[in-house]
Amino acid sequence: MRRALAIIGALMMTMGLLWIGQGLGYVRWPASSFMIDQRPWAVRGLSLAVAGLGLLLFARGRR
């Protein structure tokens, strides 16, 4: 169970960082993405990354 929570948390953090990069215009992949240069996606990405970090820390501390 801990391993599954840790993997999900890491994936959430990775996805959140991608959304932040796209929302701020740093990541332009894929080129046809509707998220590029759209600030709301950066905020959503930050929320997802923080939630993923919380899940990762929860899984790490759980025994």
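Model label sites at V50 and R3, defined 7 Å from Cα along the beta-carbon direction, differ in position by 3.2 nm.
Could you work out what % of the accessible surface of the chain is carbon and sulfur, using a 1.4 angstrom probe and leaving DNA, RNA and ligands out of the count?
Values: 3150 of 4590 Å².
So the carbon and sulfur contribution to the accessible surface is 69 percent.
Helix 39-61 axis versus longest C-alpha principal axis of the chain: approximately 10°, rounded to the nearest ten.
Could you point to the label whose value was computed as P(r) over Cα pairs in 5 Å bins from 0, in percent for the structure here, given [x] 4, 21, 37, 26, 10, 2, 0; [y] 3, 19, 33, 29, 12, 4, 1; [z] 5, 24, 22, 17, 13, 10, 7, 2, 1? Here the calculated entry is [z].
Taking chymotrypsin sites (Phe, Trp or Tyr not before Pro) across the range 1-46, the ones in a DSSP loop with at most 13 further Cβ atoms lying within 10 angstrom of their Cβ are Y26, F34.
The C-alpha atoms of the chain define a longest principal axis, and helix 2-24 lies at about 20 degrees to it.
The values are calculated or read from the model by the stated rules, or taken from the named source; none is laboratory data. The model shown is predicted, which means the values in this text are computed figures rather than measured ones. Ideal geometry is used to build each Cβ from the backbone, glycine not excepted, and the neighbour counts take in all protein chains shown. SASA here: full protein model, heavy atoms, side chains in, ligands and nucleic acids out. Shrake-Rupley method; radii C 1.70, N 1.55, O 1.52, S 1.80 Å.
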